[in-house]
Amino acid sequence: MDISNQLKRGFRRTWFYMRSFAIYYMPKVIRRKIGKRTLRSLTDEECAILQKRVDYYVKCTEFQQPQILPCRISDYRYPYGQKQKFGTYFLDLYRSLSCFPIHLRFAYLFGDITETFGVPTIVKSRPIGSVSNSVLLKLNSERHFQWVKDSIAFRGKKDLIVFRNIVNQPMRALLLEKFWQHPMCDFGMTGTIYYKEHPEWYKSFMSKKEQLEFKFIMCIEGHDVATNLKWVMSSHSVAVMPRPKYETWFMEGTLKPNYHYIEIAEDYSDLIERVQYYIQHPEEAEAIITHANEYVKQFQNNRLEFTAELLTLQRYFLRTNQIPES
């Protein structure tokens with residue numbers, strides 16, 4: 001990673017922690033007033049749009065035993081001194097939790113979650129397609145919700161596919177095994193459990209700006225979602241991937257194949273054929289980019305994002321029988 005990228009990332013993380021700890025040390029009575037004022041500021045149109053998202057995030061049915069939920073808001077404290085803090089997760093959750101009465105109870109689990117639970121649980125990620133107790137919230141946002149300003153039009157980019165990432169899962173290893181030497185693919189791993197077996201796969205870090213010189217960017221799931229999918233969909237390049245299996249606050253399960261991204265087979269057998277088609281039909285690739293950019297816009301308004309978080313938690317407390325229906 002070059003110096004400029006290190007500085008940008010360092011500044012972004014520093015600003016995130018400064019802002020988040022300012023919220024953490026703010027009196028809760030002020031936070032609750034901010035939450036109420038934010039919810040009152042919604043127009044009818046904004047409310048209708050956000051309620052659809054909340055319906056998607058909170059799919060759990062009514063839960064009759066809130067007393068068994070393990071944590072109270074009053075007991076939710078930053079884990080100073082713990083080896084594994086999940087600091088960005090904690091602070092993201094605190095931002096919206098602190099706007100609610102401190103006696104309310106909840107369950108949460110941080111990290112890359114691919115399972116479901118017996119009680120309604122707040123998580124960053126869950127499997128797509130099932131009604132479950134996994135309630136999605138915007139967690140680890142500093143890492144996952146980054147956008148790019150892309151100054152290169154699709155037709156001005158290289159007719160190539162790029163992939164740079166940690167290779168920590170068999171599906172990513174399969175991609176490199178099949179295509180690391182293909183002339184249309186600039187693929188490489190930047191850190192991996194596979195390094196000793198395949199040192200030839202290793203390539204140096206490539207910044208987002210460098211990757212945006214390519215028309216096609218691979219977005220392959222790791223432990224859960226493909227982290228780069230969000231910024232790729234905000235660019236003038238096209239995301240290429242098999243149909244996703246996991247989803248986050250970004251609602252990956254609502255993405256339409258060949259409308260928001262180029263869908264390929266899970267074994268990558270049609271990768272080159274699919275990409276060549278869009279090289280020959282650039283107007284169709286540009287339509288995908290337009291749809292992807294439009295999709296991303298719903299996550300770029302900070303006020304509405306915070307309001308959606310509040311509405312999601314409000315629904316969570318309603319479904320767990322802790323607050324009355326308004």
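Of the residues making up the range 158-169, those that are of a type outside the set (S, T, N, Q) and crowded, with 19+ Cβ neighbours inside 10 Å are I161, V162, F163, R164, V167. When the criteria are applied in full, K209 fails the requirement of being of a type outside the set (A, V, I, L, M), under 30 Å from S20 (Cα atoms) and surrounded by fewer than 14 Cβ atoms within 10 Å (Cβ to Cβ).
Restricted to the range 114-127, and to residues there that are free of Cβ contacts under 8 Å to residues at least 60 places away in the same chain and crowded, with 20+ Cβ neighbours inside 10 Å, the residue that is nearest to the chain's Cα centre (by Cα) is V123. Considering every residue within the range 285-297, establish whether at least one is acidic (D, E), in contact with a strand residue (DSSP E or B) (Cβ under 8 Å, 6 or more places away or on another chain) and open to solvent by 20 Å² or more (accessible area, probe 1.4 Å). The answer is no, given that none of the residues of the range 285-297 is acidic (D, E), in contact with a strand residue (DSSP E or B) (Cβ under 8 Å, 6 or more places away or on another chain) and open to solvent by 20 Å² or more (accessible area, probe 1.4 Å). If you scan the range 70-113, which residues turn out to be in contact (Cβ under 8 Å) with a residue 24 or more places away in the chain, open to solvent by 20 Å² or more (accessible area, probe 1.4 Å), in contact with a Ser or Thr (Cβ under 7 Å, 6 or more places away or on another chain) and closer than 21 Å to C60 by Cα? Answer for the range 70-113, where residues must be in contact (Cβ under 8 Å) with a residue 24 or more places away in the chain, open to solvent by 20 Å² or more (accessible area, probe 1.4 Å), in contact with a Ser or Thr (Cβ under 7 Å, 6 or more places away or on another chain) and closer than 21 Å to C60 by Cα: Y108, D112.
Listed by position, the strands (runs of 3 or more DSSP E) enclosed by the range 125-227 that each have at least 2 residues that are of a type in the set (D, E, K, R) are 158-167. Within the range 92-118, the residues that satisfy the criterion of being assigned to a loop (DSSP other than H, G, I, E, B) and under 27 Å from A226 (Cβ atoms) are A107, L109, F110, G111, D112, I113, T114, E115, T116, F117. Evaluated against (1) part of a helix (DSSP H, G or I); (2) open to solvent by 40 Å² or more (accessible area, probe 1.4 Å); (3) within 24 Å of A173 (Cα to Cα), S269 falls short on exactly one condition, (1).
One residue stands out among those in the range 37-54 that are touching a residue at least 12 places away in the same chain (Cβ under 8 Å) and part of a helix (DSSP H, G or I): the one that is most open to solvent (accessible area, probe 1.4 Å), which is I49.
The values are calculated or read from the model by the stated rules, or taken from the named source; none is laboratory data. Remember, it's a predicted structure, so these values are computed and weren't measured experimentally. As a convention, Cβ positions derive from the backbone with ideal geometry for all residues, glycine included, and neighbour counts pool all protein chains shown. Heads up: the accessible areas ignore ligands, DNA and RNA and are worked out on the full protein's heavy atoms, side chains in. Shrake-Rupley method; radii C 1.70, N 1.55, O 1.52, S 1.80 Å.
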